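Below is one structure, written out as C-alpha cells, with a few remarks after it.
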Amino acid sequence: MSSVSDLLDPSSPAYKKARRQFYKATKNRPDTINNDWTPFRAAEKRYKARFPPPDLASLLDLAQYDSQRSNEIADGVWRGSLDSVSHTRLNSKVDAYAIPDIPGLVILPSFLSHSEQHDLVRWSLERQACYPNPTNLDVHYHLPREGLWTRSLQDPDSLILPKSLDSDTIDTPSYGPRQLVNNAPISVDNYKKLADEPKPPPAPSATVSAASAVTLIPKLRWANIGWYYHWGTKQYDFSQGKGEIDKQLRTICKRAVLSVDWKDVYGGLELDWEQPDDPEWKHWPDMYDPDAGIVNFYQTKDTLMAHVDRSEVCATSPLVSISLGSAAVFLIGGKTRDSEPIPVLLRSGDAVIMSGPVARRAYHGVPRVLESSLPSHLSNREDDPEWEPFAAYLRTTRININVRQHTLDDTMENDAGVLVDLYVPRKCSATNRLITSKDHASVQIVIADVDANGRALSTNTTFAFSGQVRSQGEGDDSLNRLATKAGLLRNVWSYQK
C-alpha cells in the first residue's frame, strides 16, 4: 500500500501509477464540468482530490508557531503555512488568533493538553456514544446498552441485529441525489411554531443486515450531546428531554470562551448585533453555558459539506469546536457558497470558536481528513496498555466535538399548580428574552441571585408574571425595580400571553 509521502513525490512509482489511473478515469470528462461550481464547491473539490494530492500551502497552519509541535508536523507529512491567511494574535490567556476577514472566528492551536485529548477520546467512544445518547446507528440497530465501542472490545464478533426485523415501519431505499433539508433559521418569532411541529422518529432501513460489533465501529458517524437534535427536520426536539453535558467537556468549553479577550476581537467593529448598544459578546464571560452539541466521527474518506447552523435561537453565541485524532482541512467562507472560503489546517488538540453574526452565519465544512496525520502522543501510550484499540481507531479517524448554547431551561407552575417544563430561547441579549410557555397565562420564574460580579449566590428570587410584561428599558418601572432587587440581576425576561 502506498504511503502519503510516496503520493506526494512526483518521482515515486506510486505517484506515477496514481497519475496513470487518474488520466484513465478522467479522459472522457468534459472540460466544462466545473463551470457551474461555486467558489466554495471548487475549494471542496480541490481538497477532496486524491490525485493530484492537494497542495496545502494555502492553508493556515498555526501549529508552526509552536516549536514543540515540529515533530508532529514532520511526522504527519501534511504542512500548511503561516502567511497564506491574514490572522492576528489576540491578547488572551492562551495562544489565540483571530481571522480579520471573518470577525468572530477565533482559533486556539494546542488548546488541549495531551491528557485532555486522551480523556475526551475515551469519553467520546466509551461514554457518549452509548445509551441514553442517540447515535446515527440507533435508528437502524438494536445497539447494546453498554455501547458499541465497549461491546466491540469485549466481544468483537457478537452480532448486532437490525431493527427492521421487528419494526412495523421500515424505510424503503431511495435512489438518486440525496434530498437536502433547507430548514428556515430559527428565531424568537418562529421558535414556538418550530418547537411544536411533530418530529417523528425515522424508520429503520430495510437494507441493513446483522453485523458484528467490530465492523459497525467505522460506521459510527455521530453521538448527540445535550438537547436532542432531530436530523430529519434539522431542528431540536425538546420532547426528548435534555441530555447531560459532561462536566469536563463543559469546563473545557467555558475555559475556551473565557480565555479570549472578546473586546480584542470585536472592539471597534460595527456588526449586526440584536442590540448594537449592548452587544452580546460583552456578557459571554458571565452567561455562556453550553447545553447542546454533537460528537462527529470522521473516517479518512468522509467529508462534511458546506453548511450553516440554523437551529439555535441565538445564532451568535460561541460555538466551540474541538479536534481530536487525525488532522483535517477546515473551510469557512461567507453567507453564501459564492464567497471564497478561508482554508485552515486543524490538528489534534486545536479548538475553533465561531461566534457573532458573521462567523456563526458563515458556510463552513470539512472536505478532507488527512491520512497519516495522527500525532505520536495519540498513536502510542506506553503508560496505558489499554490504549492500543483507541490508537488503531484514530489512525484513520478524526473526532470532532462541537458544543453550543441553544436555550436556558427552568421550570414554571401552570394554573393548576403543576410544575411543567419551561424552555427559554435566548434572544442574544442580556436584558430582553422571550419566554414560550405553551399559552399559560401566568408564569412563575425562579432566578438565581448573583452578586455585583455576576457570580451565582446560594439564594434565589421568585417572580410571578401575568399577561404581558415588557422588557427593561420600555418604561415599566416595576420591572426596572425587579431588575435591581438582587444586586446585579442580569436575567430579565419579557413574556407575552
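Of note:
- Residue ID - nearest to the chain's Cα centre (by Cα), chosen from residues in segment 2-47 that are aliphatic (A, V, I, L, M) and assigned to a helix (DSSP H, G or I): A43
For every residue, the table says whether it meets (1) within 22 Å of D309 (Cα to Cα); (2) assigned by the TED database to the domain that holds I294; (3) crowded, with 19+ Cβ neighbours inside 10 Å; (4) modelled with pLDDT under 95.
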site: L220; (1), (2), (3), (4): yes, no, yes, no
site: A223; (1), (2), (3), (4): yes, no, yes, no
site: Q235; (1), (2), (3), (4): yes, no, yes, yes
site: S239; (1), (2), (3), (4): yes, no, no, yes
site: T251; (1), (2), (3), (4): no, yes, no, no
site: S259; (1), (2), (3), (4): no, yes, no, no
site: K263; (1), (2), (3), (4): no, yes, no, no
site: L269; (1), (2), (3), (4): no, yes, no, yes
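- Failed item, numbered, when Y141 is tested on (1) surrounded by fewer than 20 Cβ atoms within 10 Å (Cβ to Cβ); (2) not assigned by the TED database to the domain that holds G267; (3) not β-branched (V, I, T): (1)
- Count of segment 207-218 residues which are assigned to a loop (DSSP other than H, G, I, E, B) and surrounded by 15 or more Cβ atoms within 10 Å (Cβ to Cβ): 1
- Criterion (at pLDDT 95 or above and more than 14 Å from A43 (Cα to Cα)) met by exactly one of L378, L331: L378
- The set of residues in segment 57-93 being surrounded by 13 or more Cβ atoms within 10 Å (Cβ to Cβ), at pLDDT 95 or above and aliphatic (A, V, I, L, M) consists of L59, L60, L62, A63, V85, L90.
Matching residues to (1) closer than 25 Å to I102 by Cα; (2) at pLDDT below 95; (3) in contact with a helix residue (DSSP H, G or I) (Cβ under 9 Å, 6 or more places away or on another chain):
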{"site": "V344", "(1), (2), (3)": "yes, no, yes"}
{"site": "S355", "(1), (2), (3)": "yes, no, yes"}
{"site": "R368", "(1), (2), (3)": "yes, no, yes"}
{"site": "L374", "(1), (2), (3)": "no, no, yes"}
{"site": "D383", "(1), (2), (3)": "no, yes, no"}
{"site": "L394", "(1), (2), (3)": "no, no, yes"}
{"site": "V403", "(1), (2), (3)": "yes, no, yes"}
{"site": "H406", "(1), (2), (3)": "yes, yes, no"}
{"site": "T411", "(1), (2), (3)": "no, yes, no"}
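- For segment 306-328, a residue qualifies if it is of a type in the set (A, V, I, L, M, F, W, C) and within 27 Å of A42 (Cβ to Cβ), and the qualifying residues are A306, V308, A315, L319, A327, A328.
- Criterion (within 23 Å of H364 (Cα to Cα) and out of contact with any helix residue (DSSP H, G or I) (no Cβ under 7 Å at 6 or more places or on another chain)) met by exactly one of A25, A49: A49
- Being part of a strand (DSSP E or B) and in contact with a Pro (Cβ under 6 Å, 6 or more places away or on another chain) is a property that L345 lacks.
- Any chance G104 is at positive phi and either modelled with pLDDT under 95 or touching a Pro at 6+ places or on another chain (Cβ under 9 Å) (or both): yes
- Scanning segment 48-72 for residues that are in contact (Cβ under 8 Å) with a residue 40 or more places away in the chain, among the hydrophobic types (A, V, I, L, M, F, W, C) and assigned to a helix (DSSP H, G or I) gives L56, L62, A63.
The values are calculated or read from the model by the stated rules, or taken from the named source; none is laboratory data. Not measured: the values here are computed from a predicted model. Glycine gets a Cβ as well: all are built from the backbone with ideal geometry, and neighbour counts include every protein chain shown.
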